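Only the coordinates and a few stated rules stand behind these numbers; no lab work does. Quick caveat: nothing in here was measured; it's all calculated off a predicted structure. Here the Cβ positions follow ideal geometry from the backbone for every residue, glycine too, while neighbour counts run over all protein chains shown.
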Amino acid sequence: MSETRQATDKPNSSAEAVLETNPRGIPKVQFVNVEEFISKSSAPVEVTLGKFQETVAKYKFMEINFLNRKKGLELKIPEISKTLTVVEYLVSKQDSDEPIETTFELNDTLWANATIKSTKTVNLWLGANVMLEYTLQEAKELLENKLDTNQNALKNVLEDLEFLREQVTTMEVNIARVYNWDVKRRRTLKTTSTV
């Protein structure tokens, strides 16, 4: 069920159209018609406000997870791109008999000079303690696929973050509208009871 349905506990509320989701399944919320929404709900206003705030907290939790994923992808993409550039360079020099003179990083502060003879294979780190040897063409294809996959994932994460921000804003406005409606209702009850 959608987050808003959990927050409202009313299957026919104006917020029920929320069964809509974004392409990756994050529930969409709607502005509520406060009077109609509260009149259909048997729960006190405080309970409704609490459930709305719980929904906001869930969206913010999702937002934090997506921000962490975004950071990871933003670190990974340049590394893959840099590795792909090196493999493409090796492919361009594959048929040459000339050795390649280069400097490569051993550690953060340690670099070494190297002479690389023409090669048809390359070793790629695939993760912690995993290195595999690929032909240059296989390595290029693998890196291009990984780069495309990670760029698409980053695009989706950015879209999801924007979507989540919109949902949080909508829920915060709903909370404010319900709260203000309740304050106005209490004032009206107070003035009618004193008259």
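Axis of helix 136-194 versus longest Cα principal axis of the chain: the two differ by about 10°, to the nearest ten degrees. Based on C-alpha pairs under 8 angstrom that are at least 6 apart in sequence, the range 3-194 has a relative contact order of 26 percent. When the convex hull of its Cα atoms is viewed from all sides, the range 63-171 shows a mean projected area of 8.5 nm². Between helix 45-92 and the chain there is an angle of about 10 degrees, using the helix long axis and the longest principal axis of the Cα atoms. Using 0.36 nm per residue and subtracting the Cα-Cα separation, the extra length available between Asn129 and Lys93 on full extension is 10.1 nm.
Ranked by the mean number of other Cβ atoms within 10 Å of their residues, highest first, the peptides 117-130, 137-150, 63-76 come out as 137-150, 63-76, 117-130.
Each other residue within a Cβ distance under 12 Å of Ser193 adds +1 if Lys or Arg and -1 if Asp or Glu, for a net charge of +3. Peptide packing for 50-57, 85-92 was compared via the average number of neighbouring C-beta atoms within 10 Å per residue; ordered from the highest value, the list is 50-57, 85-92. Highest-first packing order for the peptide set 106-115, 152-161 is 152-161, 106-115, based on the mean count of other beta carbon atoms within 10 Å. Counting only Cβ charges, +1 for Lys and Arg and -1 for Asp and Glu, the dipole size of the chain around its Cα centre is about 1420 debye. If the Kirkwood radius is taken over C-alpha pairs of the chain, then at 20 °C and 1.002 mPa s the Stokes-Einstein diffusion coefficient equals 100 µm²/s.
Among Phe37, Phe31, the ranking by other beta carbons within 10 Å of each residue's beta carbon, starting with the fewest, stands as Phe31, Phe37.
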